[in-house]
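Remarks on the structure that follows.
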Amino acid sequence: MSTVSEVWLRGPLDDAPPLLQPVAHALLQAREEIDQLMAGFPDELLWEMPFGLASPGFHLQHLTGVLDRLFTYAKQAQLSPAQLAYLKAEGKPGEHLIYADGLVKVFDAQVNKAITQLKNTDEAILTEARGVGRAMLPSTVIGLYVHAAEHTMRHTGQLLVTVSVLKNRS
């Protein structure tokens, strides 16, 4: 068991707006837990779906994609063709070999991008309306950021369970 405190207990993040600290802390916590969990994970188990659970590969792709999409909406932008293609490919190993460490690195980079966006967000816009998806469903900047954090932690927990099952099968 680690003796390092959870991210939220290490103090505020430099340059991040005070109201967005919990979002940043959750994303950084998820990154640390996923990095530790996936270290040395066997690539041949990446797309396994024990008991019908979503595969580790899906969770890693989905975590990255959702962060990218929600933070795009927070910027009041629509998804690019590349983002839509990524969404369509989530959970599929595709034609090319995809490795666990590669998916973790892509997730880590997306968290870094999200933290940078949080640091550059003016707290005065947090309650501004934002449309989500093609239907432009109603949300706010802070609603998108908070949902990104809670969704990331939810899938981090699901990934932990799936990886534990796969590593401990007899």
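The values are calculated or read from the model by the stated rules, or taken from the named source; none is laboratory data. The structure displayed is predicted, hence computed values, not measured ones. As a convention, Cβ positions derive from the backbone with ideal geometry for all residues, glycine included, and neighbour counts pool all protein chains shown. SASA here: full protein model, heavy atoms, side chains in, ligands and nucleic acids out. Shrake-Rupley method; radii C 1.70, N 1.55, O 1.52, S 1.80 Å.
What the table shows:
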{"read-out": "Filter result (among the hydroxyl-bearing types (Ser, Thr, Tyr) and either part of a helix (DSSP H, G or I) or on the phi > 0 side of the Ramachandran plot (or both)) within the range 104-146", "value": "THR116, TYR145"}
{"read-out": "Count of the range 82-106 residues which are within 13 Å of the chain's Cα centre (by Cα) and open to solvent by 80 Å² or more (accessible area, probe 1.4 Å)", "value": "1"}
{"read-out": "Every residue from the range 107-131 that is hydrophobic (A, V, I, L, M, F, W, C) and either in contact with a Lys or Arg (Cβ under 6 Å, 6 or more places away or on another chain) or crowded, with 17+ Cβ neighbours inside 10 Å (or both)", "value": "PHE107, VAL111, ALA114, ILE115, LEU118, LEU126"}
{"read-out": "Residue selected from the range 66-85 under the condition assigned to a helix (DSSP H, G or I) and of a type in the set (Gly, Ala, Ser), by the criterion nearest to MET153 (Cα to Cα)", "value": "ALA74"}
{"read-out": "Among (1) without any contact (Cβ under 8 Å) to a residue 12 or more places away in the chain; (2) closer than 22 Å to ASN112 by Cα; (3) not in a loop (DSSP other than H, G, I, E, B) - the single one LYS88 does not satisfy", "value": "(2)"}
{"read-out": "Odd one out for THR162, checked against (1) crowded, with 18+ Cβ neighbours inside 10 Å; (2) closer than 16 Å to ALA24 by Cβ; (3) hydroxyl-bearing (Ser, Thr, Tyr)", "value": "(2)"}
{"read-out": "Pair list, Cβ < 7 Å and 6+ apart or interchain, from the range 146-170 residues that are over 27 Å from TYR73 (Cβ atoms) to residues that are assigned to a loop (DSSP other than H, G, I, E, B) and open to solvent by 50 Å² or more (accessible area, probe 1.4 Å)", "value": "THR162/LEU53; LEU166/GLU48"}
{"read-out": "Enumeration of residues in the range 42-81 that are among the hydrophobic types (A, V, I, L, M, F, W, C), under 19 Å from the mean Cα position of the chain (by Cα) and open to solvent by 40 Å² or more (accessible area, probe 1.4 Å)", "value": "TRP47, LEU53, PHE58"}
{"read-out": "Filter result (outside any helix (DSSP H, G or I) and surrounded by fewer than 18 Cβ atoms within 10 Å (Cβ to Cβ)) within the range 23-41", "value": "ALA39, GLY40"}
